[in-house]
Amino acid sequence: MSTVTITTDINIGPFKIPSNGQNMIMNNYAQRNNLIVDVIIPEPMMSNALATVQWLHKDKKFSKVILCSIHQLPNIKNRIDELLKNMQNVEFHFALEGISGKGKTFLLECINEAKIFKNAKTIDSSKTTWSELYKLMQQKGTR
Amino acid sequence: MVKGLSLKLKYMDLYNKLISGPGYSVYPIENMKIFKKLRDSFVDKITTSIGSGKNINEVRKAMARMSKAEVNKAMINLLTFTNLSDMMIDSCPDLVETLCGKELFIQRRAHTIINVPGKDHSKQWTHYEMMSGISPFTYVLWAPLHDLDDDGGAYHIDQKISLEIMKKEEATGLVNGPTVFNMMENQKPPRLKFGEAVIFNPFVLHGNVPFNSEFARIACNVRFQSFNKPLLQKNTDYLKYYRLQ
């Protein structure tokens, strides 16, 4: 029965977090929630399959998994199915969102929420100004 | 039918006020049953944390005597109040729907702000909500958990004035600089009643001033925007999807 933190690719949905930053975020989350981290698993870059943790879970039987964000969950059906099959008894924690839970329903809700945000339009703040943002609100309204 | 129409007109008027008028407005909470439940939940949670207070005024009195560190600790313990955002939104459903529709992005964790009286406390530098990276299509709903009988409330600056300052600051590359800081002088926060809220857009400058009282001021606030409008810098770290019933 152990708790693991998982680092992944630097690109996490809308965020760009290097692995040492990911470790800081997850360790701080663990500390605030009185969780003792036993294992640190680095998933390879350019993959969100979470295959390494699933492979190790078969032997080690993890009880809790900490990730930085729900955006690190897989988004392709067969990978989602694999994760749900192998890890549905494991408690998942997402540090940036500050949420945790376990089971198929919880994980599917998280995957769905990540998808909603992935599909949302985003204004590139590096290509706008305060005045332009104000104009946008005035012209487009808020509904 | 007539009642529905007059309600619609009232909300349209409010919508126009928030977009092209002063940018803020005082608004009566629609569902006081939910809002009272919210206040009672807060009292339950904070009582567990600080060890005293049977009602909101007793909590306020106890908190007025606490150090900054003790207040901060109590506020961190309030992170367990995970449904505060939902309760705030659900206490004003018609308002929220009029401004942003039924499908929303709402703040994952609404804030509870505890302001302790005295000169060394409760100075909230005048600021725009935009500075945090929320979308320009966001509104803030701010409501005290008790009557405001002193200057412990928040003041809001008319959108036109806020905008002029914003443009000047933009030209100098500053945000919330000395001009804004000096606006803290001579502000008079309105004395809202429990059950009243202030709704404002993210370009409206606002803040609060030190106040004298035997009681701390306790208020909560939540940010929300339409699901159909773009995000800015805040994502799942700050927002969650929410659908009004």
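What do you reckon, is B:Glu170 without any contact (Cβ under 8 Å) to a residue 12 or more places away in the chain and either closer than 27 Å to B:Phe42 by Cβ or over 14 Å from the mean Cα position of the chain (by Cα) (or both)?
Yes, satisfied.
If you go through region B:90-102 one residue at a time, do you hit one that is more than 14 Å from chain A (Cβ to nearest Cβ) and at pLDDT below 90? No. Checking each residue in region B:208-223 for being in contact with a helix residue (DSSP H, G or I) (Cβ under 6 Å, 6 or more places away or on another chain) and either free of Cβ contacts under 8 Å to residues at least 60 places away in the same chain or within 18 Å of B:Leu244 (Cα to Cα) (or both) picks out only B:Val222.
Restricting the first member to region A:113-140 and to residues that are under 16 Å from B:Glu164 (Cα atoms), and the second to residues that are at pLDDT below 95 and crowded, with 18+ Cβ neighbours inside 10 Å, the beta-carbon pairs closer than 6 Å and six or more apart or on different chains are A:Trp130/B:Met166. Against the test of being touching a Phe, Trp or Tyr at 6+ places or on another chain (Cβ under 7 Å) and on the phi > 0 side of the Ramachandran plot, the options B:Asn186, B:Asn176, B:Asn221, B:Asn235 yield a single qualifying residue, B:Asn176. Which of the residues that make up region B:104-136 are under 16 Å from the mean Cα position of the chain (by Cα) and of a type in the set (Val, Ile, Thr)? Within region B:104-136, B:Ile106, B:Thr112, B:Ile113, B:Ile114, B:Thr126, B:Ile134 qualify. Within the option set A:Asn20, A:Asn28, being part of a helix (DSSP H, G or I), touching a residue at least 40 places away in the same chain (Cβ under 8 Å) and surrounded by fewer than 16 Cβ atoms within 10 Å (Cβ to Cβ) holds for one residue only, A:Asn28.
Residue-wise test of (1) surrounded by fewer than 19 Cβ atoms within 10 Å (Cβ to Cβ); (2) aromatic (Phe, Trp, Tyr).
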residue	(1), (2)
B:Phe42	no, yes
B:Gly51	yes, no
B:Met63	no, no
B:Met88	no, no
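Restricting B:Phe211, B:Phe181, B:Phe200 to those that are under 14 Å from the mean Cα position of the chain (by Cα) and aromatic (Phe, Trp, Tyr) reduces the list to B:Phe200. Here region B:97-123 is the region considered, the condition is being of a type in the set (S, T, N, Q) and under 15 Å from B:Asp150 (Cβ atoms), and the residue that is surrounded by the most Cβ atoms within 10 Å (Cβ to Cβ) is B:Asn115.
Here is a yes/no grid of residues against (1) within 30 Å of B:Lys8 (Cα to Cα); (2) away from every other protein chain (no Cβ under 12 Å):
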{"site": "B:Lys61", "(1), (2)": "no, yes"}
{"site": "B:Lys73", "(1), (2)": "no, yes"}
{"site": "B:Leu79", "(1), (2)": "no, no"}
{"site": "B:Ile113", "(1), (2)": "no, yes"}
{"site": "B:Ser132", "(1), (2)": "no, no"}
{"site": "B:Trp142", "(1), (2)": "yes, yes"}
{"site": "B:Leu148", "(1), (2)": "yes, yes"}
{"site": "B:Tyr155", "(1), (2)": "yes, yes"}
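Among the residues making up region A:56-78, none is exposed (fewer than 15 other Cβ atoms within 10 Å of the Cβ) and under 11 Å from A:Ile6 (Cα atoms). Somewhere in region B:197-220, is a residue touching a strand residue (DSSP E or B) at 6+ places or on another chain (Cβ under 7 Å) and surrounded by fewer than 19 Cβ atoms within 10 Å (Cβ to Cβ)? There is no residue in region B:197-220 that is touching a strand residue (DSSP E or B) at 6+ places or on another chain (Cβ under 7 Å) and surrounded by fewer than 19 Cβ atoms within 10 Å (Cβ to Cβ). Reported count of residues in region B:1-58, each being over 28 Å from B:Ala216 (Cβ atoms) and part of a helix (DSSP H, G or I), is 19. Just one of (1) within 12 Å of chain A (Cβ to nearest Cβ); (2) assigned to a loop (DSSP other than H, G, I, E, B) fails for B:Ile199. It is (2). Of all residues in region B:193-213, those being modelled with pLDDT of 95 or more and farther than 26 Å from B:Gly177 by Cα number 5. A:Asn34 fulfils the conditions (1) part of a loop (DSSP other than H, G, I, E, B); (2) under 15 Å from the mean Cα position of the chain (by Cα); (3) under 26 Å from B:Arg108 (Cα atoms) except for a single criterion, (2).
The values are calculated or read from the model by the stated rules, or taken from the named source; none is laboratory data. Every value quoted in this text rests on a predicted model; they were computed, and no experiment measured them. Ideal geometry is used to build each Cβ from the backbone, glycine not excepted, and the neighbour counts take in all protein chains shown.
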